[in-house]
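Notes to accompany the following structure.
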Amino acid sequence: MEGLKRILGIVWIALALLTAYFCVFHFGLPKLSTGHQEDLVFGIIILFILTPIISIGLAVFGYFALTGEYDQKKM
């Protein structure tokens, strides 16, 4: 089970990178380039608020799973 947790840690880190890519290049930047005010606000919220929260949260969770913080021996 501990090995599975470590493998899933790598999966969470990869998911964090994919989330950052899609949030920036598919949701954030295209909205900034349209020129409409409602698109600018949405693009700014995606780029500067949601992307860091989601990506950093997934990466930290994956890092902790990878280093063994969730192992049963530590509890």
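The values are calculated or read from the model by the stated rules, or taken from the named source; none is laboratory data. Quick caveat, the model's predicted, so the values are computed rather than measured. Note that each Cβ is placed from the backbone with ideal geometry, even for glycine, and that neighbours are counted across all protein chains shown.
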Pairs, please: C-beta under 9 Å, at least 6 apart or cross-chain, first residue within 21 Å of T67 (Cα to Cα) and in the stretch 2-26, second hydroxyl-bearing (S, T, Y) and in a helix (DSSP H, G or I)?
-> R6/T67; G9/Y63; G9/T67; W12/Y63; I13/Y63; A16/S55; L17/S55
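Matching residues to (1) among the β-branched types (V, I, T); (2) more than 10 Å from the chain's Cα centre (by Cα):
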{"position": "G35", "(1), (2)": "no, yes"}
{"position": "E38", "(1), (2)": "no, yes"}
{"position": "I46", "(1), (2)": "yes, yes"}
{"position": "I56", "(1), (2)": "yes, no"}
{"position": "V60", "(1), (2)": "yes, no"}
{"position": "E69", "(1), (2)": "no, yes"}
{"position": "Q72", "(1), (2)": "no, yes"}
From the list K73, K31, which one is of a type in the set (K, R), on the phi < 0 side of the Ramachandran plot and in contact with a helix residue (DSSP H, G or I) (Cβ under 6 Å, 6 or more places away or on another chain)?
-> K31
Write out, first by first residue and then by second, each pair whose Cβ atoms fall under 6 Å of each other, whose residues are 6+ apart or on separate chains, and whose first residue, in the stretch 47-59, is farther than 15 Å from F25 by Cα and surrounded by 12 or more Cβ atoms within 10 Å (Cβ to Cβ) while the second is aliphatic (A, V, I, L, M) and modelled with pLDDT of 95 or more.
-> L58/L15; L58/A16; A59/I13; A59/A16
Count of the stretch 31-43 residues which are surrounded by 13 or more Cβ atoms within 10 Å (Cβ to Cβ), out of contact with any Gly (no Cβ under 8 Å at 6 or more places or on another chain) and either more than 24 Å from L18 (Cβ to Cβ) or not acidic (D, E) (or both) | 2
